[in-house]
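Q: Sharing a structure here in structure tokens format.
The values are calculated or read from the model by the stated rules, or taken from the named source; none is laboratory data. Please read all numbers here as calculations on a predicted model, not as lab measurements. Cβ placement follows ideal geometry from the backbone for every residue including glycine, while neighbour counts extend to all protein chains displayed. With ligands, DNA and RNA removed, areas are computed over all heavy atoms of the protein, side chains included. Shrake-Rupley method; radii C 1.70, N 1.55, O 1.52, S 1.80 Å.
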Amino acid sequence: MPELFARVIIDISHEKVDRPFSYAIPESLREQIKAGCRVRIPFGSGNKERTGYVVGVSREAGYDRDKVKPVLGLVEGSVTAESQLIELAWWMKDRYGSTMNQALKTVLPVKQKVKGAEKKYIRCTLSPREFEEALKEAVKKKYRARIRLFEAFSSMPVIPYEAAVHQLGLTAASLKPLENSGAIVIEKENVYRDPAAGIKKNSLKAPSAKEETAQDGSVKELSRPQLNSEQQSIVQDFCHRYDAGERGISLIHGITGSGKTEVYMELIDHVRNRGKEVIVLIPEIALTYQTVMRFYKRFGQDVSFINSRLSAGERYDQFERAKQKEISIMIGPRSALFTPFRDLGLIIIDEEHEGAYKSDSSPRYHAREAAVFRAAQTKASLVLGSATPSVDSYEKALRGEYRLYTLNHRAKKDSHLAKVHVVDLREELREGNKSIFSRLLQEMMEERLRKGQQMMLFMNRRGYSNFISCRSCGEAVKCPHCDVTLTLHRDGRLMCHYCGYTTRKPVACPNCGSPYIAGFGTGTQKIQAMVEERFPGVSTLRMDLDTTSKKGGHEEILSAFGAGEAQILIGTQMIVKGHDFPNVTLVGVLAADTALYAPDFRCGERTFQLLTQAAGRAGRAGLPGDVVIQTYAPDHYSIQAAANQDYQMFFEREASFRRMLRYPPFCGLLTIQIASGREELLDASMGAVNKQAAQLSAGRRDICVIGPVHAPVYKVNDIYRKILYLKSENYDILIQIRNRLEELWDKAGFSEGASVQYDFT
């Protein structure tokens, strides 16, 4: 029998082992080792035992057979990776410039088995005659706990252990004699942790996928929403193409409230009926609550979700359920893309324009690009959806790379887009209004409160004040570790929102000693205080990173607001994305310019998207809605387009600027960021990289080198950062330059005190 060799990646990210090594597969392990297995192998001259991932099996050793060592064995209890995910990791490594181990740890987020949850039951083993005698004896000897247990056994032969303890008052000591005599047995059953337990309690849906329980206990069919003609047209066309074997990529451009989710569910139902599985990506943890509830009502126990707030055990269980085909739909942020489904048939990316789909750590992948690869790899369809598609995706749809579907009307009867009012804050100030609330917004808030309707107030800054500054010398109090000012919170804490540094508010200026030190600017915490002062007795809720830091924080706030426990919801951008509250008829955007002048070529796009999404929260259930956008730049095209809720107007202006200035999607952009705790090393390493980049691009008119420049925040957590940009319309050339720069970086020896990060746009 010919020998087999495993190609193994060593699971050590800090060593230079970013290539596969060949190991001989012992005959005893031939049937068990395959791509994706985690194995124990001898490594290095000392044959120290390491662990690694099998990324392929071959009959070729790859080098001198005499030097090939054998695999020692499989890693017990580890989660076996799917070969598809291993292949995806290789692609991510090459595309985004990471080590293979970093890519593997991204696509295989659960590597060690976590001890499962356990449920115990008490079963009676006595015959009817023995049971009767045991009960008489318990009564005679006045064993009260035992009597309660036997009486419970009279109606049910198996009792949950938890019920026996909490409801019957039994203890382990009282059960032990019965267990020793054989009268009872305590059985154990491993159960999956269910992160959706709290959501399901609030759901009206019964456990089955397409049924619900009537008041009399009978099961009845769950009615589906009636699709309008636009929705039905998309569903019919997609399903026809799917059944004909066409997969590809589709973009659904639907205005806010147009019923994209209902379309998604019809597509999911069609794909599942053909034995396939589905991944649904959503951008925010805050959206998980409402999204999962809607999907659970439709598909029942076939749905699960993951997000960063789940425990290691909960995440492990959800991936295990997917591998065991106990679920067919996984919902979650970008990491849900790596769900180990074996028969993936459809990937949906909702709100595909969101920046949350881009990873901030290596590999710096974009979930949309990774989803394109995985869909092609598994012969699945990919559906993107948004009311405000990214310029990149919409341009590809216009070029015919994506199939474009449109939804131009709201799905609910008598529901119309809200009326948008743009308020010039400069004019408000000239007329004597120094409040954060414009006169129009105050009038509309008073009207809604009288009518018992709800409203949202959006301010994309948390905290009480943006910063505190000395009125004598003008110095602001800054973070000692970052190049940013500290944010004042209501409890007197000053906090850095970059590194987490916290200190108390000083009583005097640290720079000059003056006592005239005060807070400037406004955050969500201060807005809440101002609302409660302006409208005493009105119930409010605040939703930002501070109030949602605990597990379940998002669900708690959203469910309370949905139940009408507060009339006003105040928050950052997490409140204006994807939520559907029928009684919300007013949305106030208190500072529309927050992101408009950020050092990012996408700042206009993000401003338009955020304002349009915010406007979409009002008037979704027949009641007329109003949106008040307060701004110092009322004539900016992104604000004008958002006020008119006119995507075409925005896209044409934005695309013309980007085409003229050679920015994505009309030109590729490679960002090289170097970071170091020592400025002199940062300057030396960036200078060397800049020199090499200039040499590699010399004489080429299709490559443009820009920089180096300081990062927008030069110092974060005592680490200094500089950036170099390379532009080219040919992505392959940028990848080749990056690969060459990686080789030169390794040879230069800067890695001891500096790090380099590559990012493609």
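Q: At 0.36 nm per residue, minus the direct Cα-Cα distance, what do Lys34 and Arg450 gain on full extension? Give it in nm, one decimal, please.
A: 143.0 nm
Q: Dividing the convex hull volume of the Cα atoms of the range 227-307 by its residue count, what figure in Å³ per residue is obtained? Kindly include the intermediate steps, with their values, before the conclusion.
A: Working: hull volume 9.0 nm³, N = 81.
Here the figure is 112 Å³ per residue.
Q: A follow-up question, please. How about Lys48: which lysines have a C-alpha closer than 17 Å to its C-alpha, ignoring those fewer than 8 places off in the same chain?
A: List returned: Lys16, Lys67, Lys69.
Q: Next up: How many percent of all Cα-Cα pairs in the range 553-692 sit more than 23 Å apart?
A: The proportion of pairs with Cα distances above 23 Å equals 52 percent.
Q: Would you mind getting me the FRET efficiency between Leu429 and Val709? Use the beta-carbon distance for r and R0 = 35 Å, nearest 0.05.
A: 0.55
Q: Return the unpartnered cysteines for the chain, using a Cβ-Cβ cut-off of under 4.7 Å.
A: Cys with no partner Cβ under 4.7 Å: Cys37, Cys124, Cys239, Cys499, Cys603, Cys667, Cys704.
Q: Right, next: Sequence gap at least 6, Cα distance under 8 Å: using those rules, report the relative contact order of the chain to the nearest whole percent.
A: Here the relative contact order equals 10 percent.
Q: Hey, what's the Cα Rg ratio for the range 255-378 versus the globular rule of thumb, 2.2 N^0.38 Å?
A: For the range 255-378, the normalised Cα radius of gyration is 1.00.
Q: Over the alpha-carbon set of the chain, work out the extent along each principal axis and list the three values in angstrom, largest first.
A: The principal-axis extents, from largest down, are 93, 82, 67 Å.
Q: Is the shape of the range 632-761 best called rounded, prolate or oblate, per the rule: a/c under 1.5 gives rounded, else a/b larger than b/c gives prolate, else oblate, with a ≥ b ≥ c the square roots of the Cα gyration tensor eigenvalues?
A: Since a/c reaches 1.5 but b/c is at least a/b, the shape of the range 632-761 is classed as oblate.
Q: Using 16 Å as the cut-off for backbone N distance, which residues of the range 384-403 belong to the label zone defined by a point 7 Å from the Cα of Ala244 along Cα→Cβ?
A: Residues passing the 16 Å test: 403.
Q: Based solely on its DSSP helices, what 222 nm [θ] is calculated for the chain when runs of n ≥ 4 H residues each add -39,500 (n - 2.57) and the sum is averaged over all residues, nearest 500 deg cm²/dmol? Don't jump to the answer; show the numbers that get you there.
A: Working: 22 runs with 254 residues, N = 761.
Mean residue ellipticity at 222 nm (helix-derived): -10000 deg cm²/dmol.
Q: Rounded to the nearest 0.05, what FRET efficiency do Arg274 and Glu60 give with R0 = 41 Å and r taken as the Cβ-Cβ distance? Could you check?
A: Between Arg274 and Glu60 the formula returns 0.60.
Q: How many nm is it between the label spots at His166 and Glu130, if each spot is 7 Å from the Cα in line with the beta carbon?
A: In this crude spin-label approximation the distance works out to 3.1 nm.
Q: Please label the shape of the range 707-750 as rounded, prolate or oblate, based on the square roots a ≥ b ≥ c of the eigenvalues of the alpha-carbon gyration tensor (a/c under 1.5 means rounded; beyond that, a/b larger than b/c means prolate, else oblate).
A: On the way: a/c = 3.41, a/b = 1.43, b/c = 2.39.
Verdict is oblate for the range 707-750.
Q: Apply 1/(1 + (r/R0)^6) to the Cβ-Cβ distance of Ala24 and Ser83, taking R0 = 22 Å, and write down the FRET efficiency to the nearest 0.05.
A: The formula returns an efficiency of 0.60 here.
Q: What is the spin-label model distance, in nm, from Tyr731 to Glu565 if the labels are put 7 Å beyond Cα along the C-beta direction?
A: Each label point is offset 7 Å from its Cα along the Cβ direction, giving 4.6 nm.
Q: If I model a spin label at Cys512 and Arg740 as a point 7 Å from the Cα along the Cα→Cβ vector, what separation in nanometres do I get?
A: Distance between the two pseudo-spin positions: 5.4 nm.
Q: Report Rg (one decimal) and Dmax (nearest whole number) for the range 641-684, counting Cα atoms only, units Å.
A: So, for the range 641-684, Rg and Dmax equal 18.0, 50 Å respectively.
Q: Also, I was wondering about something else. Can you tell me the order of 697-710, 231-244 when each peptide is scored by its average per-residue count of other Cβ atoms within 10 angstrom, highest first?
A: On the way: 697-710: 13.8, 231-244: 15.8.
Packing proxy ranking, top to bottom: 231-244, 697-710.
Q: If each residue of separation counts as 0.36 nm, what is the full-extension length gain between Ala173 and Cys603 once their alpha-carbon separation is subtracted?
A: Fully extending the segment from Ala173 to Cys603 adds 148.2 nm.
Q: Could you order Met574, Met456 by accessible surface area, starting with the largest, using a probe radius of 1.4 Å? Present the calculation step by step, with values, prior to reporting the outcome.
A: Details: Met574 25, Met456 0 Å².
Sorted by accessible area, descending: Met574, Met456.
Q: Using a ≥ b ≥ c from the Cα gyration tensor of the range 454-528 (square roots of the eigenvalues), is it rounded, prolate or oblate, where a/c under 1.5 gives rounded and otherwise the larger of a/b and b/c decides, a/b for prolate?
A: Verdict is prolate for the range 454-528.
Q: OK, next. Students often forget the sequence filter, so: which lysines lie under 17 Å Cα-Cα from Lys297 once same-chain residues fewer than 8 apart are removed?
A: Lys200, Lys201, Lys205, Lys210, Lys220, Lys260
Q: If we count every other residue with Cβ under 12 angstrom of Val391's Cβ, Lys/Arg +1 and Asp/Glu -1, where does the sum land?
A: Counting the neighbours of Val391, the net charge comes to 0.
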